[in-house]
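Below is one structure, written out as structure tokens; the observations come after it.
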């Protein structure tokens, strides 16, 4: 049974310091690099996001099972290599572990939540099969659960993959590339969606000693060894985006987010530029970023979110709340996330009279019938970002009820308590 949260805010002023958890995107990559390096790479500032905790636990148990050997009567080694791994709703873990287990000796079944079984993975599986992986679908072709049978023998180092589906497929392949006996030449076909995420992967691999070349649309990584190193994980810019949204909807805002840097590996750090349009200044000083609100007219009408799709809900909700009839592009991947995020936004924005109109690959807000109700109930569709993107509306709506308080644990478990630290009231509905 879900417990909902009732969110209220008596004043429209927000100030305080918020310490964010480590970046889920960085951490998930770092953990796979650590596992592939056989202990040469260590990770610092591990995120407490549920997805990351899940991934870390699976990789840790893999290391333990490698260390524990069972001997038969004749002293020959018995290895029970077949197991089921349930990653729940963790999409990144599903993609990264598919590639990771494709090159291990174990036989595993990778499964997840009901929603995970609806999220496509065929493009990644096809690429891994071409490389030589032994992968079968347990239920529906193109979707989890997957049976990975081990015994990998590389057949080719040339793989072609579409760039406009999910950067996580590309990252999954790049993470294992250096371990492949023949290396990997990855040919990206067409436009690359979420390019900053691919750049983040390559930068982190480089920190761990793995060199690459990127010429035109081909990323090449030779077979090579990881170098002993520590990968420090920066706080999560995706989590920071909700504080930018809060600042944008407040009358006055003065917030400090420690640990964030101007030159981040995370593509979502572009939120500083996006929110500058709404009068939010970002000053990097004292070891973090300082946000302040300056009231100013909003001129920017078109937002291309292709390289930062995880910011889409945040930015669209802010525009809707301010009655700013903006146009959005680059939302192609939103329909295969935790939920169909386009449909979810349309449903929930209708509750404040705002329409998100889809015309091909262009989306426009119609705020002509916008109204602010006394109270509103927001459905979250088992999607953490729906809960956190709509929470800032508590600055405008006297009483917000948000479905399933625990949904935020996927990426930002402390979200509700952090809101309370800066003056929101967040009560679990009994």
message = When you check residue 402 against the structure, is it modelled with pLDDT of 95 or more and surrounded by 23 or more Cβ atoms within 10 Å (Cβ to Cβ), yes or no?
response = yes
For residue 377, the lone unmet condition from (1) in a strand (DSSP E or B); (2) more than 18 Å from residue 321 (Cβ to Cβ) is (2)
Of the residues in the range 326-362 that are over 22 Å from the mean Cα position of the chain (by Cα) and crowded, with 20+ Cβ neighbours inside 10 Å, the one that is farthest from residue 302 (Cα to Cα) is 352
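Across the range 6-31, what is the total count of residues that are within 20 Å of residue 410 (Cα to Cα) and surrounded by fewer than 24 Cβ atoms within 10 Å (Cβ to Cβ)?
Selection size over the range 6-31: 5.
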When the range 120-148 is checked residue by residue, the ones that are in a strand (DSSP E or B) and more than 26 Å from residue 340 (Cβ to Cβ) are 135, 136, 147, 148
Residue hits (the range 398-421; outside any helix (DSSP H, G or I) and touching a helix residue (DSSP H, G or I) at 6+ places or on another chain (Cβ under 8 Å)) are 400, 402, 403, 404, 411, 412, 413
Given the conditions (1) surrounded by 21 or more Cβ atoms within 10 Å (Cβ to Cβ); (2) closer than 19 Å to residue 398 by Cβ; (3) in contact (Cβ under 8 Å) with a residue 60 or more places away in the chain, every one holds for residue 322 apart from (1)
Checked 282, 269 against criteria (assigned to a helix (DSSP H, G or I) and in contact with a helix residue (DSSP H, G or I) (Cβ under 7 Å, 6 or more places away or on another chain)); the one match is 269
Taking the range 337-356 and keeping only residues that are closer than 19 Å to residue 309 by Cβ and in contact with a helix residue (DSSP H, G or I) (Cβ under 9 Å, 6 or more places away or on another chain), one is left with 337, 338, 339, 340, 341, 342, 343, 344, 345, 348, 349, 356
Residue 298: passes all of (1) within 25 Å of residue 28 (Cβ to Cβ); (2) surrounded by fewer than 17 Cβ atoms within 10 Å (Cβ to Cβ); (3) in contact with a helix residue (DSSP H, G or I) (Cβ under 9 Å, 6 or more places away or on another chain) but (1)
In the set 132, 122, the lone residue that is at positive phi and either without any contact (Cβ under 8 Å) to a residue 60 or more places away in the chain or not assigned by TED's automatic domain parsing to the domain that holds residue 185 (or both) is 132
**Test: residue 151 is outside any strand (DSSP E or B), surrounded by fewer than 19 Cβ atoms within 10 Å (Cβ to Cβ) and in contact (Cβ under 8 Å) with a residue 40 or more places away in the chain** = yes
By residue number, the members of the range 237-252 that are crowded, with 24+ Cβ neighbours inside 10 Å and farther than 16 Å from residue 385 by Cβ are 247, 248
The lone condition residue 255 fails out of (1) buried (at least 17 other Cβ atoms within 10 Å of the Cβ); (2) within 20 Å of the chain's Cα centre (by Cα) is (2)
Checked against (1) at pLDDT below 90; (2) crowded, with 16+ Cβ neighbours inside 10 Å, residue 72 satisfies every condition except (2)
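The values are calculated or read from the model by the stated rules, or taken from the named source; none is laboratory data. All figures in this text were calculated on a predicted structure; none of them were measured in a lab. Here Cβ is always computed from backbone atoms with ideal geometry, including for glycine, and neighbour counts include all displayed protein chains.
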